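The values are calculated or read from the model by the stated rules, or taken from the named source; none is laboratory data. Since the structure is predicted, the reported quantities are computational estimates derived from the model, not experimental observations. Note: areas computed on protein heavy atoms with side chains; ligands, DNA, RNA excluded. Shrake-Rupley method; radii C 1.70, N 1.55, O 1.52, S 1.80 Å.
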Amino acid sequence: MLPPLTAEEAQHSERVAALLRGELTARGGWLSFERFMELALYAPGLGYYSAGSVKLGAGGDFVTGPEVSTLFGRCVARQCRQVLGAVGGGILELGAGTGRMAAAVLTELAAHDALPERYAILEVSADLAERQRAELAALPPRLRERLVWLERLPQVPVRGVILANEVADALPCRRFRCSGAQVQELGVALAGGATAAAFRDCSAPADAALARACESLRGSLPGPLPEGYVSEVCLRVTPWIAALSECLEQGVVLLSDYGLPRRHYYHPQRSGGTLRCHFRQRAHDDPYINVGVQDITAWVDFTRVAEAAAAAGLEVSGFATQAAFLVASGLEGFVAEAAEGAAHARLAGEARRLIMSEEMGEAFKFMALTRGYDAALAGFALQDLRHQL
Ligand SMILES: C[S@@+](CC[C@H](N)C(=O)[O-])C[C@H]1O[C@@H](n2cnc3c(N)ncnc32)[C@H](O)[C@@H]1O
């Protein structure tokens, strides 16, 4: 059972639903799921990420690693320190959420006198960018002065580290259903006429791009997918990685997200896909309710990310579970350093949440994509899962 919407949320959701209905009607009654998700999450001033709901953190809809603990950002900082020490330059964080990871990374780097030339944030949500500014205003001036917010990716390639935690899962994806040798695209239609709020799945023949992507992914799986199998594919990953590659002169793109190598992602038993919605700390699988006030997300096919990286001239230099990455990056030492007592117990609890397999430790992965950086990355010293990609 999901908690009911407040009157304000219900009103806002109705405005987003009206926008979606208008788009559906203008396009002849059918929308790709990718477009539905894009509008539900990012329609200017209205979408879930663009408008003012709390979203992240304990009082919001879901909790990310940086929201669980500063330990997450401190471990990421360790990896940044190694790379920045070798190639210099700065950090660019994509989709910085509330700004907590930026604060933890900068604080940890400052403690080692290893601040980046600058810490740039590229955030598509105006609402979150405002929250980041408020959160990061509390940092000491010498950290604050490294911060800059960008409107788009840098035009001139940069050196250093590009960070993106739980951004790939928020890229709009397409949905498909296997039907004999064919693939049908699962899109969205109206359930009850142009004024009803209800949306429903509606299939159509896959267009050339989706058909090609599904053919290629089916060809790379060890066995056939069962009749009626439903899943999703994020075609936006490839241009996104290409754009990141274009703006990286030398250094590392460090991605972290929940996801799997392709053959586990598209396992015959995962027959309903990985699409999930988050509303007030409850996860469910109905994207057609609470539109505009709940998160919609899908797991990341890390094989697709690796393929996109190879096509863009980046090397996949590390792939490991979050647990392995954080432990290799000094998580246990950070906990041990904390003075005994309540602070220590709190940190130990947060560390468990980040690394226990039944919590975030196994489902979340770290992947490093490099250019012009040959040294072994410290965060991947304990585990190398690249053979699974
Ligand atoms: C699930 S939240 C994760 C926030 C934060 N990284 C964290 O871990 O707490 C997804 C974030 O990615 C941002 N985002 C989505 N698409 C983006 C894109 N193409 N470029 C940059 N940020 C994006 C959203 O606005 C949001 O801040």
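Points worth noting:
- Computed [θ] at 222 nm, deg cm²/dmol, the chain (DSSP H ≥ 4; -39,500 (n - 2.57); rounded to nearest 500): -11000 deg cm²/dmol
- Carbon + sulfur, % of accessible area of the chain - ligands and nucleic acids excluded, 1.4 Å: 52
- Short-range pairs are left out: with C-alpha atoms under 8 Å and at least six residues apart, the relative contact order of region 253-381 is 35 percent.
- The spacing between region 83-156 and region 259-275, judged by their C-alpha centroids, is 34 Å.
- Working note: Karplus 6.51/-1.76/1.60 with θ = phi - 60° gives region 148-153 the couplings 8, 9, 9, 8, 8, 4 Hz, where Gly and Pro are set to x.
- Distance distribution note for region 318-372: the fraction of Cα pairs above 12 angstrom is 66%.
- Å² of accessible area per residue within the chain, as computed with a 1.4 Å probe and no ligands counted: 42
- Taking F36, F279, F302 in turn, the Gaussian network model of the chain (Cα-Cα springs below 10 Å) assigns the largest fluctuation to F279.
- For the chain, built as a Gaussian network whose Cα springs stay under 10 Å, the top-fluctuating residue of A311, A102, A77: A311
- Between region 1-41 and region 293-351, the alpha-carbon center distance in angstrom: 33
- The chain: angle of helix 126-136 to the longest principal axis, Cα-based, in degrees nearest 10: 20
- Converting the Cα gyration tensor eigenvalues of region 130-282 into ellipsoid dimensions via √(5λ) gives semi-axes, longest first, of 36, 22, 15 Å.
- Per principal axis, descending, Cα span of the chain in whole Å: 61, 49, 43
- Couplings 3J(HN,Hα) of region 40-49, computed from phi: 4, 9, 10, 4, x, x, 10, x, 3, 7 Hz, in residue order, whole Hz [Karplus 6.51 cos²θ - 1.76 cosθ + 1.60, θ = phi - 60°; x for Gly and Pro].
- Rh (Kirkwood; distinct C-alpha pairs) - region 241-376, Å: 17.2
- Accessible area, probe 1.4 Å, largest first, for residues D127, D61: D127, D61
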